[in-house]
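Shown next, in structure tokens, is the structure this report addresses.
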Ligand code: ZN
């Protein structure tokens, strides 16, 4: 089965459409959370994701925050302004969809979570120590996570109990290692200084991971953010991918 793996769309419909066009025909879509937050198109993005074929989707911290499940005080002023705007925008139907998303999905060989296997909604996998601990909470050979917006993988080699970090290069498809936690990067708000939208195509039979980047019309998204009165810093960062 050819699966599109996406994460951290962040209400950026233009980036999402570019990814869906570049992915071409897929039999299923696995979405690792944060459909909303930061961007100007929360309803449009949730509606687009809801229509995707054989969708498996987990909830992200921004989705949970948009539902009012988290204390707004935990967010910095810009993030809070963006969060309040998103809360006002979301339609009851899209809110209900986000509300129904699970924190973690365990498939035959793959576990999906936004942050980490241990704390699916909130924990960031940013270092090998945290990743090493997290393999103990993974009940499948493969874990797929988002949240950091960084396309990387953590690998546990046979006989070694310490995870190794590998940065990923686009357009270099490879067979996934035996025990791995991998991140496809962010569709709508990349943070690795490459502003193009990130995604991966995963083949469940061959275990091939094909990570890619696709350009999209960033200025059009920035203009919609300006019109919505979203924070300047969030508008600015899209162009630099940080
Ligand atoms: Zn995110």
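The values are calculated or read from the model by the stated rules, or taken from the named source; none is laboratory data. Everything numeric in this text was worked out from a predicted model, so none of it was measured. Because the Cβ atoms are built from the backbone with ideal geometry, glycine has one as well, and the counts that use them run over all protein chains shown.
Take the stretch 20-37 and flag every residue that is more than 13 Å from the chain's Cα centre (by Cα) and either part of a strand (DSSP E or B) or within 14 Å of residue 61 (Cα to Cα) (or both).
Across the stretch 20-37, the qualifying residue is only 28.
Has the stretch 88-108 got any residue that is surrounded by fewer than 17 Cβ atoms within 10 Å (Cβ to Cβ), in contact (Cβ under 8 Å) with a residue 60 or more places away in the chain and assigned to a helix (DSSP H, G or I)?
no
Filtering the stretch 22-40 down to residues that are more than 22 Å from residue 102 (Cα to Cα) and in contact (Cβ under 8 Å) with a residue 24 or more places away in the chain, which residue is farthest from the ligand (Cβ to nearest atom)?
Applying the filter and picking the extreme gives 26.
Here are some residues: 163, 173, 136. Which one is surrounded by fewer than 22 Cβ atoms within 10 Å (Cβ to Cβ) and within 20 Å of residue 114 (Cβ to Cβ)?
None of the other options fit; the residue is 136.
I'm checking my understanding of the structure. Among residues of the stretch 199-239 that are free of Cβ contacts under 8 Å to residues at least 60 places away in the same chain and assigned to a strand (DSSP E or B), which one is surrounded by the fewest Cβ atoms within 10 Å (Cβ to Cβ)?
Applying the filter and picking the extreme gives 208.
Scan the stretch 83-92 and tell me whether some residue there is within 16 Å of the ligand (Cβ to nearest atom), in contact with a helix residue (DSSP H, G or I) (Cβ under 6 Å, 6 or more places away or on another chain), farther than 25 Å from residue 27 by Cβ and modelled with pLDDT under 95.
Yes, the stretch 83-92 contains a residue that is within 16 Å of the ligand (Cβ to nearest atom), in contact with a helix residue (DSSP H, G or I) (Cβ under 6 Å, 6 or more places away or on another chain), farther than 25 Å from residue 27 by Cβ and modelled with pLDDT under 95.
Kindly indicate which of 70, 83 is under 20 Å from residue 10 (Cα atoms) and assigned to a loop (DSSP other than H, G, I, E, B).
Checking each option against the conditions leaves just 70.
Would you mind finding the one in 68, 33 that is at pLDDT below 95 and at positive phi?
Among 68, 33, only 68 is at pLDDT below 95 and at positive phi.
Please state which of the following conditions residue 5 fails to meet, knowing it meets all the rest: (1) surrounded by fewer than 24 Cβ atoms within 10 Å (Cβ to Cβ); (2) within 16 Å of the ligand (Cβ to nearest atom); (3) in a strand (DSSP E or B).
Looking at each condition in turn, residue 5 falls short on (1).
Restricting the search to the stretch 42-71, which residues are loosely packed, with under 15 Cβ neighbours inside 10 Å and within 21 Å of residue 1 (Cα to Cα)?
Across the stretch 42-71, the qualifying residues are 50, 51, 53, 54, 55.
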